[in-house]
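Chemist: I have a structure I would like to understand better, so I am pasting it below and will then ask my questions one at a time.
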Amino acid sequence: MTQDSMTNPDSRTDSQSTDLERSNQTSDPLVDSSIDTGQSGGSGGETRTVIESRDLDVFYDETQALQSVDIEIPAEKVTAIIGPSGCGKSTFLRCINRMNDLVDAARIEGALNFEGKNVYDDDVDPVVLRRKIGMVFQSPNPFPKSIYDNVAYGLNVQGIEGDYDAIVEKALRRAALWDEVKDQLDSSGLDLSGGQQQRLCIARAIAPDPDVLLMDEPASALDPVATSKIEDLIEELSEEYTVVIVTHNMQQAARISDKTAVFLTGGELAEFDNTDKIFENPESQRVEDYITGKFG
Amino acid sequence: MSERSIDVDLTRSSSGRVVKERIYKWLLFACAALTVFVTAAIIYTLATDAIAFFMTEDASVTGFFTGTEWIARSDGGTFGVWPLVTATLTITFVSALVAVPTGVAAAVYLSEYASDRMRSILKPSLEILAGIPTVVYGYLALVYLTPALQWIGIPVSTFNLLSASVMVGIMIIPMVSSLSEDAMSSVPDSLRQAGYGMGATKYEVSTGVVIPAAISGIFSSFILALSRAIGETMIVVMAAGLRPRMFNFTNPLDNLLSSGQPMTAGMVSAVTSDATGGSATYLSMFALGLTLFVITFVMNLASDYVASRYQEEYQ
């Protein structure tokens, strides 16, 4: 570990963020290679894959929520996941950062690789994984703490060192909330409007500088004005982050995403392609029917 | 249409139903009013008999509220309330030291960590603990806890405040844990998810998210439990002794090792003494009762205030 941090002196959370294992072994070739791809990713090819699933099945008790899903999610793009209610789109999202672990009845089979490492391997610590993958939820869920403490929460639990004031300000600026709250950082996050709360949650998610941002219908509880702010924000964030967004709003997916995955009832990935292709000329008749509103 | 409207009869078919409805209403009101009446009656008797106490030769209001000596003989005595109040506060404080951390930790375990199976075993056990008559706790304190403390080398006397305090603390653990757990369980799951999503561990979510979000309910549980501790009688009568002793400020720990008489025990000894009705010693019971009532009443008000002050609104 010491040697590792010496070779990467400027990587502040290197020892915990470059691999997902409980122990900080760096001998695993899989994990080592993920360090390399992780750090050269910005300049890499357009198609560098951050997250891929292989034959991923999810069951809730006996009900199958996902059926052998194969998907490759590219870095620093917005990937939208759309589909009718109950098609497993949120389930897939929650597989990526292992939030399904919190559901006792959930059972996962197959592989979900993050930077080449299967996150369901025994040696993966979900806590470490979630530190690399931020999440924004369906309805705004700020902590009953001050705005500042909300944004600093991840920094605290992840033991990140640095100038918290600066990091908090930067996160709030990137979430397009700074100008509205800069004079009331000590007031409760719950005092904000719904749209502001959701942007606060985005600031909270990006403050610890994760690699990926998962968004589970982040605008579904918001009015149109707040929604359009969030959409603008997502486009900006995709310059730095890999964004995976679940949405039930097809126009939204068409507006903001580069890639679109269409899940259909039964948890099956019907089609995954560039967003233009999906909305203009989908391969599958069922996807076309869904896109054109013939069902779903 | 017109024929059909004839069939509809909206007049009262009988006045019996209306009368019955009135009777129900008054019966229900009477039950609700009974509690108010009993409370008022209690305050009235406490107040009148306390006034009677202050009118006796041996007692005075200033002597009662400033005196540091309590000697209650059947033929009179000295009635300064502070030895009893300090013993009560000592027991309350030490029992809080026992019950608050244990109760909150148990609540966190039940609310955040325990599996459904474990919860289904632990919750009824805590309810059993809450249902044990306090006289049993008193007996356990006197017969087992005090000798155990002596055995591990703590020089407590046969009757002592430490043993009584620890046992009172154990008695109120279920109250702290069950009320705190209710408060923690009502924290929305979305907040926990937010915490886990940020890469927090279960412990960090419990202490950094759930407890702060439930803090008003947790504080209320403390205050209600401490009200119980203040009013607890059987344990202290059996384990703390009946000898009033002024708090020794020069050596605070010494107070725990020796016997003492809290307010409730003072009332018990007044009512069980040879003092006749109308004597100062007998009437002192009511002055003590009124003081105790005021203290617990203020604590309950504080509990309500804290609960409303720190109540967070979710959605």
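Chemist: Quick one: work out the % antiparallel among DSSP beta bridges in the protein assembly as shown, nearest 5. Walk me through the numbers on the way to the answer.
Modeler: Values: 30 of 48 bridges.
Bridges in the protein assembly as shown that DSSP calls antiparallel: roughly 60 percent.
Chemist: Something else: Amide H to amide H under 5 Å from B:Phe79: which residues, 5+ apart in sequence or cross-chain, H placed 1.01 Å off N in plane?
Modeler: B:Ile71
Chemist: Still on this structure: Please report, in debye to the nearest 20, how large the charge dipole of the range A:236-296 is about its Cα centre when each Lys and Arg carries +1 at its beta carbon and each Asp and Glu carries -1 there.
Modeler: Numbers: 5 positive and 12 negative charges, 56 e Å.
In debye, rounded to 20, the range A:236-296 gives about 260.
Chemist: Also, I was wondering about something else. Roughly what angle does helix B:161-185 make with the longest principal axis of chain B, taking Cα atoms, 0 to 90 degrees, to the nearest 10?
Modeler: 20
Chemist: Sort out for me the Cα centre separation of the range A:141-186 from the range B:105-131, rounded to whole Å.
Modeler: Computed from Cα coordinates, the inter-centre distance equals 36 Å.
Chemist: Select from the range A:96-192 those GluC sites (Glu not before Pro) which occupy a DSSP coil region and have at most 13 other Cβ atoms within 10 Å, ordered by residue number. Please report the intermediate quantities before stating the final value.
Modeler: Working: sites: A:Glu109, A:Glu115, A:Glu161, A:Glu169, A:Glu180; in loops: A:Glu115, A:Glu161.
When the GluC sites (Glu not before Pro) of the range A:96-192 are filtered for loop state and at most 13 Cβ neighbours within 10 Å, A:Glu161 remain.
Chemist: Got a sec? Charge dipole of the range B:70-309, +1 on Cβ for Lys and Arg, -1 for Asp and Glu; which of B:Val143, B:Met171, B:Val100 is way out at the positive end?
Modeler: Most positive-ward Cα: B:Val143.
Chemist: Per residue of the range A:162-176, in order, report the coupling 6.51 cos²θ - 1.76 cosθ + 1.60 (Karplus, θ = phi - 60°) as ³J(HN,Hα) in whole Hz, putting x for Gly and Pro.
Modeler: x, 7, 4, 4, 5, 5, 4, 4, 4, 5, 5, 5, 5, 8, 6
Chemist: Follow-up question, since we're still on this one. For the range B:70-309, what is the charge dipole size about the Cα centre, in debye to the nearest 20, if Lys and Arg each add +1 at the Cβ and Asp and Glu each add -1 at the Cβ?
Modeler: On the way: 10 positive and 12 negative charges, 31 e Å.
Value, rounded to 20: 140 debye.
Chemist: Here is a further query. With respect to the cross-link table entries A:Lys132/A:Lys294; A:Lys89/B:Lys123; A:Lys132/A:Lys170; A:Lys259/B:Lys202, which display a Cα-Cα separation exceeding 27 Å? Write down the numbers at each step before the final one.
Modeler: Values: A:Lys132/A:Lys294 39 Å; A:Lys89/B:Lys123 37 Å; A:Lys132/A:Lys170 18 Å; A:Lys259/B:Lys202 34 Å.
From the list (A:Lys132/A:Lys294; A:Lys89/B:Lys123; A:Lys132/A:Lys170; A:Lys259/B:Lys202), the Cα-Cα distance tops 27 Å for A:Lys132/A:Lys294; A:Lys89/B:Lys123; A:Lys259/B:Lys202.
Chemist: Between B:Ile91, A:Thr91, A:Val119, whose Cα lies farthest towards the positive end of the dipole of the protein assembly as shown when Lys and Arg beta carbons carry +1 and Asp and Glu beta carbons carry -1, centred on the Cα centre?
Modeler: B:Ile91
Chemist: Follow-up. Between helix B:82-108 and chain B, what is the angle of the helix's C-alpha long axis to the longest principal axis, kept within 0 to 90° and rounded to the nearest 10?
Modeler: It works out to around 40 degrees.
Chemist: Around A:Gln285, under 13 Å between beta carbons, what's the net of Lys plus Arg minus Asp minus Glu among the other residues? Numbers along the way, then the final one.
Modeler: Working: positive: A:Arg286, A:Lys294; negative: A:Glu271, A:Glu283, A:Glu288, A:Asp289.
Once positives and negatives cancel, what remains is -2.
Chemist: How large is ³J(HN,Hα), in whole Hz, for each residue of the range A:118-127 in order, when computed from phi with the Karplus curve 6.51 cos²θ - 1.76 cosθ + 1.60 and θ = phi - 60°, using x for Gly and Pro?
Modeler: Residue by residue, the range A:118-127 yields 5, 6, 9, 4, 4, 8, 8, 9, x, 5 Hz.
Chemist: Placing one identical point scatterer on every Cα of the protein assembly as shown and ignoring solvent, what is log10 I(q)/I(0) from the Debye formula at q = 0.06, 0.08, 0.12 Å⁻¹?
Modeler: -0.52, -0.77, -1.13
Chemist: Can you give me the C-alpha center-to-center distance between the range B:203-249 and the range A:46-93, rounded to a whole angstrom?
Modeler: Using only Cα atoms, the two centres lie 51 Å from each other.
Chemist: What's the long-distance tail for the range B:13-76, i.e. % of Cα pairs beyond 16 Å? Please list the in-between numbers first.
Modeler: Working: 1376 of 2016 pairs.
Value for the range B:13-76: 68 percent of Cα pairs lie more than 16 Å apart.
Chemist: Moving on. Give me the net charge for the shell around A:Val262: Cβ to Cβ below 13 angstrom, other residues only, Lys and Arg +1, Asp and Glu -1.
Modeler: Summing Lys/Arg as +1 and Asp/Glu as -1 gives -2.
Chemist: GNM, chain B, Cα, under 10 Å: largest mean-square fluctuation among B:Thr45, B:Thr201, B:Thr35?
Modeler: B:Thr35
Chemist: Moving on to the next point. Could you check which residue among B:Ile42, B:Ile23, B:Ile215 shows the biggest mean-square fluctuation in a GNM of chain B with a 10 Å Cα cutoff?
Modeler: Comparing B:Ile42, B:Ile23, B:Ile215 in a Gaussian network model of chain B, the most mobile one is B:Ile23.
Chemist: Provide the three semi-axes, in whole Å and in decreasing order, of the ellipsoid equivalent to chain B as defined by the square roots of 5 times the Cα gyration tensor eigenvalues. Could the numbers behind the result be given before it?
Modeler: Values: eigenvalues 378, 237, 60 Å².
So the three semi-axes of chain B are 43, 34, 17 Å.
Chemist: With just the Cα atoms of the range A:135-182, tell me how far they stretch along each of the three principal axes, in Å, largest first.
Modeler: 30, 24, 18
Chemist: Still on this structure: Percent relative contact order of chain B, based on C-alpha pairs within less than 8 angstrom and at least six residues apart? Kindly include the intermediate steps, with their values, before the conclusion.
Modeler: On the way: 439 pairs, mean separation 81.9, N = 315.
Reported relative contact order: 26 percent.
Chemist: How large is the charge dipole for the protein assembly as shown, taken about the Cα centre, if only the Cβ atoms of Lys, Arg (+1) and Asp, Glu (-1) carry charge, to the nearest 20 debye? Numbers along the way, then the final one.
Modeler: Numbers: 42 positive and 77 negative charges, 656 e Å.
Here the protein assembly as shown has a charge dipole of around 3160 debye.
Chemist: Report, to the nearest 10°, how far helix B:116-131 tilts away from the longest principal axis of the Cα atoms in chain B, using its own Cα long axis and a range of 0 to 90°.
Modeler: That works out to roughly 50 degrees.
FYI, it's all coordinate maths here, none of it is from the lab. Quick caveat: nothing in here was measured; it's all calculated off a predicted structure. Glycine gets a Cβ as well: all are built from the backbone with ideal geometry, and neighbour counts include every protein chain shown.
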